[in-house]
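To keep things clear, I will list the structure first and then write my remarks on it.
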Amino acid sequence: MEEKKSKVTLHGTWISPYSKRVEIALKLKGILYEYVEEDLQNKSESLIQQNPVHKKIPLLVHDGKPVAESLVILEYIDETWTNSPRFFPEDPYERAQVRFWVSYINQQVFEVTGQIMFQEGEAQAKSVEEARKRIKVLDEGLEKHFPNKNIRENDDVGLLEIIIIATFGVHKAHREAIGVEIISPVNTPTLYNWIERLQDLSVVKKVEVPHDKLVNFIQNYRQKCLQQAANA
Amino acid sequence: MANLPILLDYWPSMFGMRARVALREKGVEFEYREEDFSNKSPLLLQSNPIHKKIPVLVHNGKPVCESLNVVQYVDEAWPEKNPFFPSDPYERAQARFWADFVDKKFTDAQFKVWGKKGEEQEAGKKEFIEAVKILESELGDKPYFGGDSFGYVDISLITFSSWFQAYEKFGNFSIESESPKLIAWAKRCMEKESVSKSLPDSEKIVAYAAEYRKNNL
């Protein structure tokens, strides 16, 4: 039986970690896709029409059917393309564990790490302290609930690993650009280790943004944000 | 002999209610334990050390936290009866999208309506009505968000209906006039025993909200 050829399009931006998650997922599954780089100041008609509720990236369009929200997209990819790697374990309890930690990163961690970019002085110091606390919780959680984690090949990568690398893979660039360290081999050894090993995978290297380009972008973006906050 | 699953919960919590509805939909017998937030139980602190929140479902000694996680877990652990999701991946993605919408847009807005006053409450009302209209448009003429069957999105949203009277009273507006289809949907869902048994009386919720407003605003 001939396999029907699928048309897959991803609307994203090169800088967005949410967009990165989907790119990594598509590449892990070996799915060919068309990538549309969106300008968030001037979103395409196509994006707005197909994601009218949130008007955000990433947006996956599969054979004309749009799927929005990165985690929803990732689960959709896993259920539609059932080849390896599978993003979720089989056991319901283990699946719940993955969902818990993904949700923790998405909400509790992002909530504070996002602030750091826009703050300085005491406000920033407070956010950094809180971010370090929450990342420590994540680090300990990974150690406790996913001990002896193998990350050697694509098959070892699931939803949690995708979220981790897409979200934290840029931590060194952030450290250089903003001068703040939150993830380190001393304070967060498990998380640091996972990131290092994930970064060695060729599928991750394919979507990696050059370090200097990233540092430059973050510095400029931060300047803009601080200026905006000062003018407000 | 297996022990009953234990649900750590708090009676007015719409999030706790989601877990109750899910378990009852599956016909799972469970032990309901009311938590006192001024004196959280050792089991809660041990099972959800990070958030220390309800609901927590403890099944075979292992805890599952976060209401939508619990609902999905219940669906996967007891797959034979009343599946919460359709089988088609695209429709499943749509269900997840809309439950996520409820959590992202609806929950914050509804809290502002009953838990705040003045400008914050007004802003909340606007967001709430906007969210409700979007949800109503998604429901369309279907009996449930899940189509012909009561499903994941229905479970994620129906628990807020026990709070509708409180929203209307403290927000000073009528939900029915903004979205009659949603009210009709809520009534339809309440005909299900899994829902009616899991949601407290609206009057009790109104009293609870009034007490909160008295103490906090």
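The values are calculated or read from the model by the stated rules, or taken from the named source; none is laboratory data. It should be emphasised that the depicted structure is a prediction, and the values quoted were computed from it without experimental measurement. Ideal geometry is used to build each Cβ from the backbone, glycine not excepted, and the neighbour counts take in all protein chains shown. What goes into the accessible areas is simple: the full protein's heavy atoms, side chains included, and nothing from ligands, DNA or RNA. Shrake-Rupley method; radii C 1.70, N 1.55, O 1.52, S 1.80 Å.
Taking a quarter of the surface of the Cα convex hull of region B:6-77 gives a mean projected area of 4.3 nm². Around the amide H of A:Val36, modelled in the peptide plane, lie the amide H atoms of A:Leu10, A:His11, A:Gly12, all under 5 Å away and 5 or more residues distant in sequence or on another chain. Cα-based radius of gyration for region A:2-64, normalised by 2.2 N^0.38 Å, reads 1.13. Placing +1 on each Lys and Arg Cβ and -1 on each Asp and Glu Cβ, with no other charges, gives region A:1-130 a dipole about its Cα centre of roughly 340 debye. Relative to the Cα centre, the charge distribution of the protein assembly as shown, modelled as +1 at Lys and Arg Cβ and -1 at Asp and Glu Cβ, gives a dipole magnitude of about 620 debye. Ranking of A:Glu161, A:Glu130 by solvent-accessible surface, largest first: A:Glu130, A:Glu161 (1.4 Å probe, protein heavy atoms only, all chains present). Measuring nothing but alpha carbons in region A:158-230 and taking Rh as the Kirkwood radius, the Rg to Rh ratio lands at 1.02. Measuring max minus min along each principal axis, the C-alpha atoms of region A:59-140 give extents of 49, 32, 16 Å (largest first). Determine the sum of side-chain charges near B:Glu122: Lys and Arg each +1, Asp and Glu each -1, restricted to other residues whose C-beta is under 11 angstrom from that of B:Glu122. With Lys, Arg at +1 and Asp, Glu at -1, the neighbours total +2. Projected onto their three principal axes, the Cα atoms of the protein assembly as shown cover extents of 63, 60, 51 Å, largest first.
Of the GluC sites (Glu not before Pro) found in region B:1-97, the ones in coil according to DSSP and having at most 15 other Cβ atoms within 10 Å of their Cβ are B:Glu29, B:Glu80.
Taking only the Cα atoms of chain A, the ratio Rg/Rh comes out at 0.97, with Rh defined as the Kirkwood radius. A DSSP coil position with no more than 10 other Cβ atoms inside 10 Å describes the following GluC sites (Glu not before Pro) in region A:15-112: A:Glu90. The share of C-alpha pairs in region B:89-216 whose separation exceeds 23 Å stands at 30 percent.
Fraction of C-alpha pairs exceeding 30 angstrom in chain B: 22 percent, rounded to a whole number. For B:Lys204, which lysines qualify as cross-link partners when the Cα separation must be under 16 Å and same-chain residues fewer than eight apart are set aside? Straight-line reach from B:Lys204, under 16 Å: B:Lys169, B:Lys214. Holding the Cα-Cα limit at 31 Å, pick out from A:Lys149/B:Lys81; B:Lys126/B:Lys187; A:Lys43/B:Lys133; A:Lys65/A:Lys133 the pairs that are longer than that. From A:Lys149/B:Lys81; B:Lys126/B:Lys187; A:Lys43/B:Lys133; A:Lys65/A:Lys133, over 31 Å: A:Lys149/B:Lys81; A:Lys65/A:Lys133. At a Cα cut-off below 19 Å, give the lysines reachable from A:Lys205, other chains included and same-chain residues fewer than 8 away excluded. Within reach: A:Lys20, A:Lys27, A:Lys29, A:Lys172, A:Lys213. Using the Cα coordinates of region B:59-98, the gyration tensor eigenvalues translate into equivalent-ellipsoid semi-axes of 21, 13, 6 Å, sorted from longest to shortest.
Oblate is the label for region B:12-128, because the ratio a/c of its alpha-carbon gyration tensor axes (a ≥ b ≥ c) is 1.5 or higher and a/b is not greater than b/c. Here is the interface size for B with A: some 2200 Å² of accessible area buried, both sides summed, with a 1.4 Å probe.
For chain B, a crude dipole built from +1 on the beta carbon of Lys and Arg and -1 on the beta carbon of Asp and Glu, taken about the Cα centre, is about 440 debye to the nearest 20. Among beta bridges from DSSP that stay inside the protein assembly as shown, the antiparallel ones total about 65%.
Residues of region A:76-98 that bury at least 30 Å² of accessible area once all protein chains are present, compared with their chain alone (1.4 Å probe, heavy atoms only, ligands and nucleic acids left out), are A:Tyr76, A:Glu79, A:Pro92, A:Tyr93, A:Ala96. Across all directions, the average projected area of the convex hull around the alpha carbons of region B:59-135 is 6.8 nm². Across the protein chains, with a 1.4 Å probe defining accessible surface, the residues A:Asp91, B:Asp108 rank B:Asp108, A:Asp91 from largest area downward.
Restricting attention to chain A, close to 65% of DSSP beta bridges with both partner residues there are antiparallel.
A dipole drawn for chain A from +1 and -1 charges on Cβ atoms has a positive end, and of A:Thr190, A:Val215, A:Asn154 the residue lying farthest that way is A:Val215. Over what distance in Å are the Cα centres of region B:60-110 and region A:173-204 separated? Centre-to-centre distance over Cα atoms comes out at 32 Å. In region B:109-182, inverting the average of 1/r over every pair of distinct C-alpha atoms gives 12.8 Å as the Kirkwood radius.
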